[in-house]
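> Questions regarding the structure given below will be posed in turn.
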Amino acid sequence: MSNTLFLVIFFILWIGPVIPGVLIAKKKNRSPHWFWLSIWPGVGIWVLIIMSILKPLRKCTNCGKTIPNESKVCPFCTKEIESNEIMDNKENKKKTIFTVFIVMVIILAFSSIISFSVISAFTNSEPYKYSIELIQSNENAVNLLGENFKRKGMISGSISTNGDATGKAQMSFKVKGKNGISRVYIDAYKENGIWNYNKLVLYKEKDNSEYIDLLEK
């Protein structure tokens, strides 16, 4: 499920900036085709930031051609540019910066909500809670970790359920106590509403095959 979280956030940060970016580009009379660069992950955010910083290109209200921002007379049709058009450009710049700020806040907030929801799904699951209970009741695990241990970092893996009847969980996470950091690995399946465990172990160190079998009585 954490893999799903990563993919969702990745997709939001990848595709999210494109739509507001295209709207801003059109509003500034600039080419929205720059956002084709967003086919490369992460580039869309930078294009959005750059597009928000760039000054809008002005168009003559008479001939429709793009003219320099500082022009007071259109070099193509010689129409005089009214002062209120210049003021409008300044107001549009302020609105554009505010819009970009709001869009970025929404993207980050949405990503945070999804992240929190997925982490909650892991930590509220029965396999996760059961693993913590087993560690607390296992003398060897407590001696290894030290008292008052807690989870450290993200939970990796996946968990899925089909109603209350069936499900599958494969996850791992780090636990940290005063004696150091170890890793828990869970492999379980749910059948007829009951979780069964193929493996539930506490690895003593990272990249170490030595472990404590938490299922052993």
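The values are calculated or read from the model by the stated rules, or taken from the named source; none is laboratory data. These numbers were taken from a predicted model, which means no experiment stands behind them. Using ideal geometry, Cβ is built from the backbone for each residue, glycine included, and neighbour counts are taken over all protein chains shown. All accessible areas refer to the heavy atoms of the entire protein, side chains included, with ligands and DNA or RNA removed. Shrake-Rupley method; radii C 1.70, N 1.55, O 1.52, S 1.80 Å.
> Take segment 119-152 and flag every residue that is in a helix (DSSP H, G or I) and among the basic types (Lys, Arg).
First pass over segment 119-152, keeping only residues in a helix (DSSP H, G or I): 119-123, 126-137, 139-145.
Listed by number, the list holds a single entry, 129.
> Condition first: in contact with a strand residue (DSSP E or B) (Cβ under 6 Å, 6 or more places away or on another chain), modelled with pLDDT of 80 or more and over 24 Å from residue 115 (Cα atoms). Can you find one or more residues in segment 25-46 that meet it? Give the derivation first.
Let us first name the residues in segment 25-46 that are in contact with a strand residue (DSSP E or B) (Cβ under 6 Å, 6 or more places away or on another chain), namely 29.
So of that shortlist, the ones also modelled with pLDDT of 80 or more come out as none.
For segment 25-46, residues in contact with a strand residue (DSSP E or B) (Cβ under 6 Å, 6 or more places away or on another chain), modelled with pLDDT of 80 or more and over 24 Å from residue 115 (Cα atoms): absent.
> When you go through (1) out of contact with any Asp or Glu (no Cβ under 8 Å at 6 or more places or on another chain); (2) not in a helix (DSSP H, G or I); (3) not β-branched (Val, Ile, Thr) one by one for residue 112, which number turns out not to apply?
Looking at each condition in turn, residue 112 falls short on (2).
> Confirm whether residue 146 is surrounded by 13 or more Cβ atoms within 10 Å (Cβ to Cβ), more than 20 Å from residue 120 (Cβ to Cβ) and of a type in the set (Gly, Ala, Ser). Before the answer, list the steps.
Details: surrounded by 13 or more Cβ atoms within 10 Å (Cβ to Cβ): no; more than 20 Å from residue 120 (Cβ to Cβ): yes; of a type in the set (Gly, Ala, Ser): yes.
No: the conditions fail for residue 146.
> Of the residues that sit in segment 68-104 and are among the charged types (D, E, K, R) and part of a loop (DSSP other than H, G, I, E, B), which one is modelled with the lowest pLDDT? Please lay out each step first, then the result.
Here is the first cut: in segment 68-104, the residues among the charged types (D, E, K, R) are 70, 72, 79-80, 82, 85, 88, 90-91, 93-95.
Okay, now just the ones that are also part of a loop (DSSP other than H, G, I, E, B), so 70, 72, 79, 82.
Details: 70: 69, 72: 77, 79: 81, 82: 65.
Among them, the one singled out is 82.
> Now a separate question. Output the residues belonging to segment 22-67 that are without any contact (Cβ under 8 Å) to a residue 24 or more places away in the chain, open to solvent by less than 60 Å² (accessible area, probe 1.4 Å) and part of a loop (DSSP other than H, G, I, E, B).
Listed by number, the residues that qualify are 31, 60, 63, 64.
> Please give the number of the condition residue 141 fails out of (1) out of contact with any strand residue (DSSP E or B) (no Cβ under 6 Å at 6 or more places or on another chain); (2) open to solvent by less than 50 Å² (accessible area, probe 1.4 Å).
Against the list (1) out of contact with any strand residue (DSSP E or B) (no Cβ under 6 Å at 6 or more places or on another chain); (2) open to solvent by less than 50 Å² (accessible area, probe 1.4 Å), residue 141 comes up short only on (1).
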